[in-house]
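Peer 1: This is the structure I have questions about; it appears just below.
The values are calculated or read from the model by the stated rules, or taken from the named source; none is laboratory data. In this text, all values refer to a predicted model and were calculated from it rather than measured experimentally. Here the Cβ positions follow ideal geometry from the backbone for every residue, glycine too, while neighbour counts run over all protein chains shown. Only protein heavy atoms, including side chains, enter the accessible area calculation; ligands, DNA and RNA are left aside. Shrake-Rupley method; radii C 1.70, N 1.55, O 1.52, S 1.80 Å.
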Amino acid sequence: MPAESTPKSGHRRKPRSARHKALVIAAWSAAGVFVLGGTGLGYVYFNLNDNIKSVDIDQALGTDRPLDVDNGSQDILVLGSDTRSGTNKDLGGGTDDGSARSDTAMVVHVYEGHKKASVVSIPRDTLVPRPACTDSEGVEHDAASLAMFNSAYSTGGAACAVKTVESMTGIRMDHYVEVDFSGFQKLIDELGGVEVTTTKDISDKESHLDLKAGTHRLTGEQSLGLVRTRHGVGDGSDLGRIQLQQAFIKALVEQVKSVGVLTSPKKLYDLADTATKTVTTDSDLASVKDLASFANGLKGISSSKMNMVTLPVQYDPADGNRVLVEEDKAAAVWNALKNDRAIPKSATEGTASGDAKGVVQ
């Protein structure tokens, strides 16, 4: 895939156009669904089933997958796609070219006991081997020795993205969750906003964000702007944006936990209705009952028990708009998760990172 520009070797990549700004999608982006667990809505679950879109990953990938290890842990691939169609066009900017990309990807590992989790962000521009994939129309696509990570989704959809992650990690993904622009914004508004503290001013005309340093309760539109901004703060890199996203996710988790005390049936139903219309899941989570049960199992994980890291990478010496996997360090990350252990700090030390850490708290 051609690069957007060719900066000098080792230079950090330049900001992209608004067209390439993308929605963060994190383990708990389906916040409204997670709230359903234990709320006692009962029969209402089934009235929402038709809202959920799903993909049969097992059928698409067959048996050529990593071993399904039953040790009490779970691994979930969480994606955000930047389709420019419908209401997403107004939020994402750019031209509706009929395609979609996975601009944000996270592997969420929930440890045995479901009291803590590790979240590994995969930069969209990471050059990785992409396996052969078959898209939803049945068209077969050849493997690529080095392709941008987000090309897997645009080439073969959710199944190809899962196949690429499983090939990279050697870990079978138990579940798949995807959320879109407009649903994300509406979810945040129905949650009552998310409170964050910024240590610096953030101003980005392209993501429609203007925040002074201080504490804010972000609306859906502001939240979307925050997780999309690249050159509003820091060095303008995608790695810096990931740092903002990770901080926002922790704030979102705390906000979701507080929603559990809501007593208004209508508000809970509206939240569930939006959440189920927003997510695309694997077929094992394709009913509200299963999705709520899955969410209920994650309720015990607080933000303080979430270890958030970025896949160990370095800037590509041949193209500063791309990053390359630090193979030995990445192997340490994936081996830790495969064995349900904590990610060693040494696995992410000395790797490329952005300059936005600590800007959002």
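Peer 1: Being at pLDDT below 95, under 21 Å from residue 156 (Cα atoms) and among the charged types (D, E, K, R) is the filter here; which residues of region 113-140 pass it?
Peer 2: Selection gives 124, 125, 135, 137, 140.
Peer 1: Name every residue in region 112-127 that is open to solvent by less than 10 Å² (accessible area, probe 1.4 Å) and either charged (D, E, K, R) or free of Cβ contacts under 8 Å to residues at least 24 places away in the same chain (or both), in order of residue number.
Peer 2: First pass over region 112-127, keeping only residues open to solvent by less than 10 Å² (accessible area, probe 1.4 Å): 117-126.
Hits for region 112-127 are 124, 125.
Peer 1: May I pose another question? Is it true that some residue in region 294-301 is of a type in the set (D, E, K, R) and outside any loop (DSSP other than H, G, I, E, B)?
Peer 2: no
Peer 1: Does region 263-302 hold any residues that are without any contact (Cβ under 8 Å) to a residue 60 or more places away in the chain and either among the β-branched types (Val, Ile, Thr) or open to solvent by less than 20 Å² (accessible area, probe 1.4 Å) (or both), and which are they? Talk me through it step by step, then tell me what you get.
Peer 2: First pass over region 263-302, keeping only residues without any contact (Cβ under 8 Å) to a residue 60 or more places away in the chain: 263-264, 266, 290, 302.
Correct list: 263 only.
Peer 1: Within region 346-353, is even one residue in contact (Cβ under 8 Å) with a residue 24 or more places away in the chain, within 24 Å of residue 195 (Cβ to Cβ) and either part of a strand (DSSP E or B) or touching a Gly at 6+ places or on another chain (Cβ under 9 Å) (or both)? Walk me through how you get there before you give the answer.
Peer 2: Residues of region 346-353 in contact (Cβ under 8 Å) with a residue 24 or more places away in the chain: 347-348, 351-353.
Those left that are additionally within 24 Å of residue 195 (Cβ to Cβ): none.
Looking for residues that are in contact (Cβ under 8 Å) with a residue 24 or more places away in the chain, within 24 Å of residue 195 (Cβ to Cβ) and either part of a strand (DSSP E or B) or touching a Gly at 6+ places or on another chain (Cβ under 9 Å) (or both), one finds none in region 346-353, hence no.
Peer 1: Restrict the check to region 132-144 and report whether at least one residue is closer than 18 Å to residue 176 by Cβ, surrounded by 24 or more Cβ atoms within 10 Å (Cβ to Cβ) and free of Cβ contacts under 8 Å to residues at least 24 places away in the same chain.
Peer 2: no
Peer 1: If you don't mind, there's one more thing I want to ask. Is it fair to say residue 293 is in contact with a helix residue (DSSP H, G or I) (Cβ under 7 Å, 6 or more places away or on another chain) and of a type in the set (S, T, N, Q)? So that I can check it myself, show each step before the final result.
Peer 2: Values: in contact with a helix residue (DSSP H, G or I) (Cβ under 7 Å, 6 or more places away or on another chain): no; of a type in the set (S, T, N, Q): yes.
Taking the combined requirement at face value, the residue does not satisfy it.
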